[in-house]
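Nothing in this text is a laboratory measurement; each read-out follows from the coordinates by a stated rule. Everything quoted here is computed from the prediction, not taken from an experiment. No Cβ is skipped: glycine too gets one built from the backbone with ideal geometry, and neighbour counts run over all protein chains shown.
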Amino acid sequence: MGTQVANPGSAAVLDSEKDTTGIGGHPRGLTTLFFTEMWERFSYYGMRALLILYMTTAIANGGMGLDNKRAASIYAAYVGSVYLMSIPGGWFADNVLGTRMAVLVGGVLIACGHFSMALPTTVSFFAGLILIVLGTGLLKPNVSAIVGSLYSPNDPRRDAGFSIFYMGINLGAGLAPLICSYLGENISWHMGFGMAGIFMALGIVQFVAHGERLSHVGHPPAFPPETLRRNALIGSVFTALIVLTVILLYFGPQTIQDYRPAIMIGGVALGLIWLFTSYLKPEEKKPVSAIVVLFCFSVVFWAVFEQAGSSFNLFARDFTDRSVPQSIANFIRAPEFPAGWYQSVNSFFLISLAPVFSWIWLRLGTRQPSSPIKFALGLFFVGAGALVLALASSFIGISGKVGPYWLIGVYLCHTIGELLLSPVGLSTTTKLAPSRLTGLMMGVWFLSISFGNFFAGEVAGNFSRDALLGLFAKVAAGPVIAAVILVLLTPSIRKLMGKVN
């Protein structure tokens, strides 16, 4: 791979410790990254709020006219691939582009993808999805990496900096459905997709305009040119293989599609066998085993949580009373508020409840539950959210609609579950991962989100009026059963975790 010289920006990290001119006394670069990620998440969640609604809307009304099963399958392929691509995206940054250039290239690809979807053709629609997947794979893991590089490991501002950064994520995710769903559902689907691209372009412009704030971090690797070319080829082949595999699984022969879940589970199993038999040192197997166990439960969590953009979104459109008073109807020029507006609820709950959970954990100190128990509680709440929707389904009357408060209750439960599991999963993975495998194990964590998204689509494909109660009852039962199993396994898992709580 060649010899890599010291990062020329490494000494500048010390200078950033003296930089207090950014948000809340943080380095200036955090401000740039805050808005870059905020507008990227705006573009992602804005388009995501429209995606399955657009695909299942009749052609006469400007949609694609797909049935729920086919639309859910495409949705799963898209959202699952977004997280799956973070693995080669991180590899490209480490071995070819550097994190700063990876973010820039990723942002450009994302914007091009949204603008492609703004064109009313099937080819441009799918081309746009592929561009967004590739771009998000480059941007998403690496913008977080740059945030970390702004601080030395012992900088007391580090955790607070990530908290501010996380607030930008939720602001973008919360605002996006309000704007893009209004445009997409009330004016033109393609205008909604295009608006997502406009805000991503704004994120790119401010990232470039304030690039000097990040000039000391995110440099390309100092490999010889021939090594960089070889790495670029390896990364391109790796990325192409992933894209082709997903296309084959979701758009290939029907036989392959019928056995898609088994093929995916088998692939992960083979990867784990290789990891434990050929790659891990004996002393690394116990902590990695704990990560793998939590990985499995994380997949269950995300498979239910990510119903938000698919089956829950369809429920909001088809079975939720969204009518508004005449005065508001005149203001928004529509008799109902858009179904996609529900996609903002989770983000606004997160912004409100995250400080509460931080205070609870600080208050409990060493008395707080162990990581597996927090995971179990997260699974329970995500199951409880699905149970709320199962109950709502049983109350659909002659009008075929239920009140809007049901979905708000669902998202409240899911937000609590997310706060119990998501940050805990990230923290536990970094604490358990052997130092030489931290990047790989973070890739495993993102892989659990990816697989959860894939399986979420498999579940959402069963959405229909006649199956609502049974579907959501099963969706609720899965994580609750998993939570009980995890509680029973907790003593064994804690032995694998050693001193890590």
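Checking the a/c ratio against 1.5 first, then a/b against b/c, what shape does the Cα gyration tensor give for the stretch 13-258?
On the way: a/c = 2.42, a/b = 1.45, b/c = 1.66.
Cα axes put the stretch 13-258 in the oblate bin.
Taking a threshold of 28 Å on the Cα-Cα distance, which of the pairs Lys374/Lys474; Lys69/Lys474; Lys140/Lys499 fall above it? Provide the component values of the computation, followed by the final result.
Details: Lys374/Lys474 22 Å; Lys69/Lys474 17 Å; Lys140/Lys499 31 Å.
Beyond 28 Å: Lys140/Lys499.
Can you find, among Leu389, Gly400, Gly417, the residue farthest towards the positive end of the dipole of the stretch 345-501? Put +1 on the C-beta of Lys and Arg, -1 on that of Asp and Glu.
Value computed over the given set: Gly417.
Consider all pairwise Cα distances in the chain and report the whole-number % of them above 46 Å. Let's see the in-between values first.
Values: 10651 of 125250 pairs.
When every Cα pair of the chain is considered, 9 percent fall beyond 46 Å.
Can you put Trp189, Trp39, Trp274, Trp341 in order, fewest other beta carbons within 10 Å first? Could the numbers behind the result be given before it?
Working: Trp189 25, Trp39 29, Trp274 11, Trp341 19.
Ranked by crowding around the Cβ, least crowded first: Trp274, Trp341, Trp189, Trp39.
Would you grab the residues whose amide H sits under 5 Å from the one on Val402? Only those 5+ places off in sequence or on another chain, please, with H modelled 1.01 Å from N.
Thr320, Asp321
Around Gly203, under 9 Å between beta carbons, what's the net of Lys plus Arg minus Asp minus Glu among the other residues? Don't skip to the answer; put the middle values down first.
Details: positive: none; negative: Glu37, Glu40.
Residues close to Gly203 contribute a combined charge of -2.
Cβ under 10 Å from Pro404's Cβ, Pro404 left aside: what net charge do those residues give with Lys, Arg +1 and Asp, Glu -1? Before the final figure, lay out each step's value.
Details: positive: Arg322, Lys401; negative: Asp321.
Result for the local shell: +1.
Using only the C-alpha atoms of the stretch 135-219, find the volume of their convex hull and express it per residue in Å³.
Values: hull volume 8.5 nm³, N = 85.
Convex hull of Cα atoms, per residue: 100 Å³.
Under a 5 Å amide H to amide H cut-off, with H placed in plane at 1.01 Å, what residues pair with His26 once short-range neighbours are removed?
So His26 has HN proximity to no qualifying residue.
What ranking of Leu489, Leu150 emerges when the number of other C-beta atoms within 10 Å of each C-beta is taken as an exposure proxy, fewest first?
Values: Leu489 15, Leu150 28.
The fewest-first ordering by Cβ neighbours comes to Leu489, Leu150.
For every helix of n ≥ 4 consecutive DSSP H residues, a contribution of -39,500 (n - 2.57) applies; sum these over the chain, divide by its total residues, and give [θ] at 222 nm rounded to the nearest 500 deg cm²/dmol. Present the calculation step by step, with values, prior to reporting the outcome.
On the way: 19 runs with 364 residues, N = 501.
So the calculated ellipticity at 222 nm is -25000 deg cm²/dmol.
Once you charge only the Cβ atoms, +1 for Lys and Arg and -1 for Asp and Glu, what is the size of the charge dipole of the chain about its Cα centre, to the nearest 20 debye?
That gives the chain a dipole magnitude of about 840 debye.
Would you mind calculating the relative contact order of the chain from Cα pairs under 8 angstrom and at least 6 residues apart, reporting the percent as a whole number?
Values: 779 pairs, mean separation 112.3, N = 501.
Once divided by the residue count of the chain, the mean separation gives 22 percent.
Going by how many other beta carbons lie within 10 Å of each one, how would you line up His210, His414, fewest first? Working shown, then result.
Numbers: His210 16, His414 28.
Lowest to highest Cβ neighbour count: His210, His414.
Would you work out which of Gly107, Thr490, Ser323 lies farthest towards the positive end of the dipole of the chain? Charges go on Cβ: Lys and Arg +1, Asp and Glu -1.
About the Cα centre, the residue reaching furthest to the positive side is Thr490.
Can you give the extra length, in nm with one decimal, that the chain gains between Glu226 and Lys286 once fully stretched, where that is 0.36 nm per residue apart less the Cα-Cα distance?
Values: separation 60, 0.36 × 60 = 21.60 nm, distance 3.91 nm.
Contour length minus Cα-Cα distance gives 17.7 nm.
Work out, step by step, the length gained on full extension between Leu391 and Asn61: first 0.36 nm times the residue separation, then minus their alpha carbon distance; give nm to one decimal. Before the final figure, lay out the partial values.
Details: separation 330, 0.36 × 330 = 118.80 nm, distance 3.12 nm.
Computed gain between Leu391 and Asn61 is 115.7 nm.
How far apart, in nanometres, would the label points at Arg436 and Asp155 be if each is projected 7 angstrom from Cα along the Cα-to-Cβ direction?
Distance between the two pseudo-spin positions: 2.9 nm.
For Leu353 and Ile263 in the same chain, what is the full-extension length gain: residue separation times 0.36 nm, less their Cα-Cα distance, in nm?
Numbers: separation 90, 0.36 × 90 = 32.40 nm, distance 3.85 nm.
Contour length minus Cα-Cα distance gives 28.5 nm.
If you place +1 on the Cβ of every Lys and Arg and -1 on the Cβ of every Asp and Glu, how big does the dipole about the Cα centre of the stretch 389-499 come out, in debye to the nearest 20? Provide the component values of the computation, followed by the final result.
Values: 8 positive and 3 negative charges, 89 e Å.
Computed charge dipole of the stretch 389-499: roughly 420 debye.
In nm, to one decimal, how far is the modelled label at Asn186 from the one at Val237, with both set 7 Å along Cα→Cβ?
The two pseudo-label positions are separated by 5.3 nm.
Using θ = phi - 60° and the Karplus relation 6.51 cos²θ - 1.76 cosθ + 1.60, list the HN-Hα couplings for the stretch 49-58 in order, rounded to whole Hz, with x at every Gly or Pro.
The phi angles translate into 5, 9, 4, 6, 5, 5, 5, 9, 7, 4 Hz.
What FRET efficiency would be calculated for the residue pair Thr121, Ile328, taking the C-beta separation as r and a Förster radius of 41 Å, to the nearest 0.05?
Working: r = 35 Å, r/R0 = 0.85.
The value I calculate is 0.70.
Take each of the peptides 365-372, 157-164, average the number of other beta-carbon atoms within 10 Å over its residues, and list them starting from the highest. Present the calculation step by step, with values, prior to reporting the outcome.
Details: 365-372: 14.2, 157-164: 16.8.
Answer by packing, highest mean first, reads 157-164, 365-372.
Once Lys and Arg get +1 and Asp and Glu get -1 on their Cβ, which of Gly46, Val205, Ala290 lies farthest toward the positive end of the dipole of the chain?
Ala290
For Arg367 and Val484, what is the calculated FRET efficiency with R₀ set at 22 Å and r taken between the beta-carbons, to the nearest 0.05?
Details: r = 23 Å, r/R0 = 1.05.
Efficiency for this residue pair is about 0.40.
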